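The values are calculated or read from the model by the stated rules, or taken from the named source; none is laboratory data. Computed from a predicted structure; not experimentally measured. Every residue, glycine among them, receives a Cβ derived from its backbone with ideal geometry; neighbour counts consider all protein chains shown.
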Amino acid sequence: MTSQAKHPAIELLCDLIRRRSVTPDDAGCQDLMRSRLEAAGFTCETLQFNDVTNLWARRGTAAPVFCFAGHTDVVPPGNVSEWHSDPFEPVFRDDMLYARGAADMKSGLAAMVVAVEDFLRVHPDHPGSIAFLITSDEEGRARDGTLKVMEALATRDEHIDWCVLGEPSSERRLGDVVRIGRRGSLSGMLTVAGVQGHVAYPQLADNPIRRFAPVLAELHEITWDEGNEYFPPTSFQVVDVRAGIGAPNVTPGELTARFNFRYSTEWTHETLQKKVHGVFDAHNIDYELNWHLSGKPFLTRPGKLIDAVERTVTESTGAAPELSTGGGTSDGRFISPAGVDVVELGPVNASIHKINEHVRVDDVMALTGMYRRILEQMLID
């Protein structure tokens, strides 16, 4: 393990982990990356929006632009006493490195930086441009991070052609799954009005739970779609329902609920909203429904970037990756709408956001080689 720990990507990963960058605090991670990138000839710019720190770094002025993207922020560690070791002190054990952010996604960041350093030693006069788009606002509200950086780039007519996100896309082994898109995410915040009363006199009250129950049952019975060539079926899930004042003899006067759609390109957020309102309206229910669109579905279709990623993963692992649009949302939803081909390739995600998060050490080193090879295919080959 000693020799592995001395690998440049592992050393950088450990340095990043020791910075307690719980969202939206960058905690100096981007300064560390910036120092490495400036030494490699990048022009670096910090874009601060409210309490969110973003880094835009670029080497070269010509097109095409190949961009690595990711986030320095991590989720809170949870109950630290349940960890086998300090979540912000990297620990090597059984070929794994344990720490918060080890898989999501400081290993991706370290691999990207070292891959570019290796690439530039061989190709110092490469064509096109290489860029980094790094934020500290992916695990949180995601409003002052990549979204704002993309808006800033658009105002000065700065365009990205291809982007590799270092999110932990793999499921069982490194490279077995590559994300080529993501489903959209649409949330509903519902309030159902009723009339509070004594449970012994239901005729004098209007119980919002009774009003909402058949609506909920109908929404769950709907087959929203069967998916398509690239996307799994749209899903509807209720995540929170609240009513009552805590007394066993009082019917509630109001019910609140939250639900979420993860939707395919068979729908738009407007058509989903219209469908849901139609169900509520048919049930003669007094309700208010507010919506929040976290991201529209996006897809990178077959082309040069996907070809390069597929070829690289196959050469490195001996097996072709599954091209998937499953999983949660990512910052790819903010990058893709600018006409950018976006692919997500990163370590195994089985332990992300969990106690004792970890990454296989060999995978970080292998991922570094994959990123370098993808970059060579996009700008050199």
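The set of residues in the range 99-120 being over 15 Å from PHE132 (Cα atoms) and out of contact with any helix residue (DSSP H, G or I) (no Cβ under 7 Å at 6 or more places or on another chain) consists of ARG100, ALA103, ASP104. Restricting attention to the range 220-234, the residues that are over 18 Å from the mean Cα position of the chain (by Cα) and surrounded by 12 or more Cβ atoms within 10 Å (Cβ to Cβ) add up to 8. Please tell me if ASP31 is modelled with pLDDT of 95 or more, in a loop (DSSP other than H, G, I, E, B) and either over 19 Å from ARG121 (Cα atoms) or touching a helix residue (DSSP H, G or I) at 6+ places or on another chain (Cβ under 8 Å) (or both). The answer is no for ASP31.
Residue-wise test of (1) more than 17 Å from LEU293 (Cα to Cα); (2) small (Gly, Ala, Ser).
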{"residue": "PHE236", "(1), (2)": "no, no"}
{"residue": "GLY244", "(1), (2)": "yes, yes"}
{"residue": "ALA247", "(1), (2)": "yes, yes"}
{"residue": "THR251", "(1), (2)": "yes, no"}
{"residue": "GLU254", "(1), (2)": "yes, no"}
{"residue": "PHE261", "(1), (2)": "no, no"}
{"residue": "HIS277", "(1), (2)": "no, no"}
{"residue": "PHE280", "(1), (2)": "yes, no"}
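Is one or more of the residues making up the range 179-196 part of a loop (DSSP other than H, G, I, E, B), touching a His at 6+ places or on another chain (Cβ under 7 Å) and under 28 Å from SER294 (Cβ atoms)? No; the residues of the range 179-196 include none that is part of a loop (DSSP other than H, G, I, E, B), touching a His at 6+ places or on another chain (Cβ under 7 Å) and under 28 Å from SER294 (Cβ atoms).
Here the range 129-168 is the region considered, the condition is being among the acidic types (Asp, Glu) and assigned to a loop (DSSP other than H, G, I, E, B), and the residue that is surrounded by the fewest Cβ atoms within 10 Å (Cβ to Cβ) is ASP157.
Between VAL149, VAL164, the distinction of being hydrophobic (A, V, I, L, M, F, W, C), closer than 19 Å to GLY328 by Cβ and under 19 Å from the mean Cα position of the chain (by Cα) belongs to VAL164 only. Where strands (runs of 3 or more DSSP E) sit wholly within the range 307-371, those with at least 3 residues that are modelled with pLDDT of 95 or more and farther than 24 Å from GLY227 by Cα occupy 358-360. Scanning the range 188-215 for residues that are in contact with a Phe, Trp or Tyr (Cβ under 9 Å, 6 or more places away or on another chain), surrounded by 15 or more Cβ atoms within 10 Å (Cβ to Cβ) and hydrophobic (A, V, I, L, M, F, W, C) returns LEU190, VAL192, PHE212, VAL215.
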